[in-house]
Amino acid sequence: MPTHRLTDIPSDVLKIIESVDGHVHRVEMVSAGLNSEIAARVHFGSGTTFVKGLRADHPRVWTQRREADINPYTGGLAPSLRWHIRQSSWDLLSFEDLRGRHADYSPYSADLEQVSAAMATLASLTVPSQIETKTMPQRMSAYVSDPDDLQKFSGPHLVHTDWKPDNVLIADGQARLVDWAWASRGAAWINPALWVIWLIASGHTAAAYVGTHGRGRADVAK
């Protein structure tokens, strides 16, 4: 269920940000995304940062910790975490401001090559044992009728799980992934399988896609 997005940063949150980054000159509230009560690009003296946050008593506040914990292990695909503060009834994350644009998944899009490269990087990443994440068998248990089939989702790999274009930014010629709140541990095939769904939604056909990704191509078409 989507989280209600605030249209302004509360004054106590602004004070927390300024206690770390100095005087805030301007705030741009961001509407994309479903998980955060606060999502904003914050301009301060020496630059900008992207801040997202939830109230400390929000039922999904654990997603903030998930993003903070997984950030160092994303192979540079995620924007760098600057700070994580839990204070004054808020849980806040500050990230590198990528200033990218949402990826274009349509057929023949030049972005597909960059997203494929990000996919290859992600396929090489595993989740350290000390990081608490759900496993894909756990997440799929309500959707699989035969318990033996759950093992097909099992593995040590880092799975982003949400490949909608809003979560993939093209910045400096590279695809970067945001919103790691639902990152999980599972089989390496899951990331590209989830991307295929979005490719089809963006105008590709399954027949055109099958066989091209495996050869490292991204020029899939209708």
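We did not get these values from a lab; they are worked out from the coordinates using the rules stated. Predicted model only: the values in this text are computed from it and were never measured. With ideal geometry, Cβ positions are generated from the backbone for all residues, glycine too; neighbour counts draw on all protein chains shown.
Suppose we look only past 20 Å in the calculated P(r) of segment 101-215. What percent of the Cα-Cα pairs does that tail hold? Display every interim value, and only then the final one.
On the way: 2848 of 6555 pairs.
That tail contains 43 percent of the Cα-Cα pairs.
For the chain, which semi-axes, largest first and in whole Å, follow from the square roots of 5 times the eigenvalues of its Cα gyration tensor?
Three semi-axes, in Å: 32, 21, 15.
Across all directions of projection, what mean area in square nanometres is found for the Cα convex hull of segment 11-96? Intermediate values should be presented prior to the final figure.
Details: hull surface 22.1 nm².
Quarter of the Cα hull surface area: 5.5 nm².
Cβ neighbours within 10 Å, averaged per peptide: list 7-20, 51-64, 177-190 in order, most packed at the top.
Final packing ranking: 177-190, 51-64, 7-20.
Once you place label points 7 Å from the Cα toward the Cβ at THR7 and ASP172, how far apart are they in nm?
Distance between label points: 3.6 nm.
Within the set LYS52/LYS152; LYS134/LYS164; LYS52/LYS134, which residue pairs have Cα atoms separated by over 30 Å?
LYS52/LYS152
What residues have an amide H closer than 5 Å to that of THR126, excluding those fewer than 5 places away on the same chain, when H is modeled at 1.01 Å from N in the peptide plane?
Hits under the 5 Å cutoff: LEU158.
Give me the aspartates and glutamates in straight-line cross-link reach of LYS15: C-alpha distance below 15 Å, same-chain residues under 8 apart excluded.
Within reach: ASP91.
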